[in-house]
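Student: Quick one: the structure is below, questions incoming.
Every number in this text was worked out from the coordinates using simple rules, so none of it is lab data. This is a predicted model, so every value here is computed, not measured. Cβ placement follows ideal geometry from the backbone for every residue including glycine, while neighbour counts extend to all protein chains displayed.
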Amino acid sequence: MMKIPVLITALLVGATSVGLHAESVTEVQNTYLARGAGPFVYDSGESLWNSRIYKERRCPDCHGPDLSQSGEHKRTHKPIEAMAPSVTPARYTDVRKVEKWFKRNCKWTLGRECTAQEKGDLLEYLKRF
Amino acid sequence: MKYWVIGALIVTTGIAASGLAIGGEYEHEYGERGERGEHEGYGYRYGFRRPDVAPVKYALYQQECGSCHFAYQPGLLPAASWWKLMDGLDDHFGENAELDADTGKQLRDYLTANAADHVSTGRSPGIVNSLRGSAPLRITDTLYFRRQHSEIPARMVKNNPQVGSFSRCDVCHAGADEGSYDEDSVRIPGMGRWED
């Protein structure tokens, strides 16, 4: 009797929090839509995230294989908070900050800046975690 | 005769100048360490002391630089070092740390105005003296730094899993955030209080 309302509440809270985290990521994606990019594709994001196209570097080298866990920079050993918006929602609340890190990390890992389409795709992938 | 006098003058001045330079270094090394400065009005954690370097009071610097590593006080290196560093942020000790142009300019201005060769606070002039015109990228490459840390064995820092590197000032210097590098407040994790 008591269990059903509790379960419903838990589901609602769960759904709301997942929705909220994804929402801030979607807001960042909207800035790329405004630049003419889109629609954004999960598979493209996933494949770019795992690609090795420059100096043998891949995103998971530093962010780790599990996006819900923290990673460590492979050169400097700096700890890096989890990429999953459900774990580290603060990552995606400031568009300028997201842009700053896309610039740094696309250049470091891929050897060039990412396009608006690629950034949107990467976020489409990351926001599912 | 005239040439002899001029020659002697040049030699004497040279000796006097180098003597002054060495004197200057040691004065800063030994004279100003942890000196009491009640009249200065600095309320530091370890009593009323003059800072060894002026503390960082610029939120943008604290945020942009301090979110990845200890926010080293600008007074630890001369302006020429900071300029080199700001010009090479795309390869910042192995990592890309590029900033947008606007933020970069503001931080550069802050670093310049507060660089070791532009202030007279605490140890900054001693650091500049030790460089003899060079502009290293790393604080740990200054002669001043090396001399201050020469007695510390590798097992306490580099091979100490709780420290790992001399670049993490605040791990051992409890007052580092306030610009205090007083020897008496050094606590090396896993090693206890530093006694030399």
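Student: Looking at the range B:169-196 only, could you name the residues that are charged (D, E, K, R) and crowded, with 16+ Cβ neighbours inside 10 Å?
Tutor: B:177, B:178, B:182
Student: So which residues in the range A:107-129 are closer than 21 Å to residue A:36 by Cα and within 11 Å of chain B (Cβ to nearest Cβ), if there are any at all?
Tutor: Within the range A:107-129, just A:113 meets the criteria.
Student: Another question about this same structure. Check the range B:97-110 and report whether any residue there is of a type in the set (Ser, Thr, Tyr) and closer than 26 Å to residue A:62 by Cα.
Tutor: So in the range B:97-110, the residues of a type in the set (Ser, Thr, Tyr) come out as B:103, B:110.
From the residues that got through so far, the ones that are closer than 26 Å to residue A:62 by Cα too are B:103.
Yes, the conditions are met somewhere in the range B:97-110.
Student: In the range A:92-106, what residues are within 12 Å of chain B (Cβ to nearest Cβ), surrounded by 17 or more Cβ atoms within 10 Å (Cβ to Cβ) and closer than 17 Å to residue B:64 by Cα?
Tutor: Correct list: A:100, A:102, A:103, A:104, A:105.
Student: Against the definition (surrounded by 15 or more Cβ atoms within 10 Å (Cβ to Cβ), of a type in the set (Gly, Ala, Ser) and within 14 Å of another protein chain (Cβ to nearest Cβ)), how does residue A:38 come out, yes or no? If you could, list the steps in order and put the result at the bottom.
Tutor: Numbers: surrounded by 15 or more Cβ atoms within 10 Å (Cβ to Cβ): yes; of a type in the set (Gly, Ala, Ser): yes; within 14 Å of another protein chain (Cβ to nearest Cβ): no.
Criteria not met by residue A:38.
Student: Farther than 19 Å from residue A:52 by Cβ and surrounded by fewer than 20 Cβ atoms within 10 Å (Cβ to Cβ): is that true of residue A:129 in this structure?
Tutor: yes
Student: Show the residue pairs meeting these rules: Cβ distance below 6 Å; 6+ apart or different chains; first residue within the range B:145-156 and touching a residue at least 24 places away in the same chain (Cβ under 8 Å); second residue of a type outside the set (A, V, I, L, M).
Tutor: These pairs meet every condition: B:151/B:196.
Student: For residue A:25, all conditions in the list (1) within 27 Å of residue B:94 (Cβ to Cβ); (2) crowded, with 18+ Cβ neighbours inside 10 Å hold save one; what is the number of the exception?
Tutor: Condition not satisfied by residue A:25: (1).
Student: The conditions are (1) without any contact (Cβ under 8 Å) to a residue 12 or more places away in the chain; (2) hydrophobic (A, V, I, L, M, F, W, C); (3) more than 23 Å from residue B:97 (Cα to Cα), and residue A:90 fails exactly one of them. Which is it?
Tutor: All conditions are met except number (3).
Student: As an exercise: evaluate residue B:112 against (1) in contact with a helix residue (DSSP H, G or I) (Cβ under 6 Å, 6 or more places away or on another chain); (2) touching a residue at least 40 places away in the same chain (Cβ under 8 Å); (3) among the hydroxyl-bearing types (Ser, Thr, Tyr); (4) closer than 22 Å to residue B:57 by Cβ and give the number of the one condition it does not meet.
Tutor: (2)
Student: Take the residues of the range A:57-67 that are of a type in the set (D, E, K, R) and crowded, with 16+ Cβ neighbours inside 10 Å: which is farthest from the other protein chains (Cβ to nearest Cβ)?
Tutor: Ranking the qualifying residues of the range A:57-67, first place goes to A:58.
Student: Report, ordered by the first and then the second residue, all pairs with beta carbons closer than 7 Å, sequence separation of six or more or different chains, a first member in the range A:68-80 that is more than 8 Å from chain B (Cβ to nearest Cβ) and farther than 14 Å from residue B:68 by Cα, and a second member that is outside any strand (DSSP E or B) and among the aliphatic types (A, V, I, L, M).
Tutor: Final answer for the pair search is A:68/A:82; A:68/A:84; A:68/A:87; A:69/A:82; A:70/A:82.
Student: Provide a single number: the residues in the range B:51-84 that are touching a residue at least 12 places away in the same chain (Cβ under 8 Å), assigned to a helix (DSSP H, G or I) and surrounded by fewer than 21 Cβ atoms within 10 Å (Cβ to Cβ).
Tutor: Result for the range B:51-84: 7.
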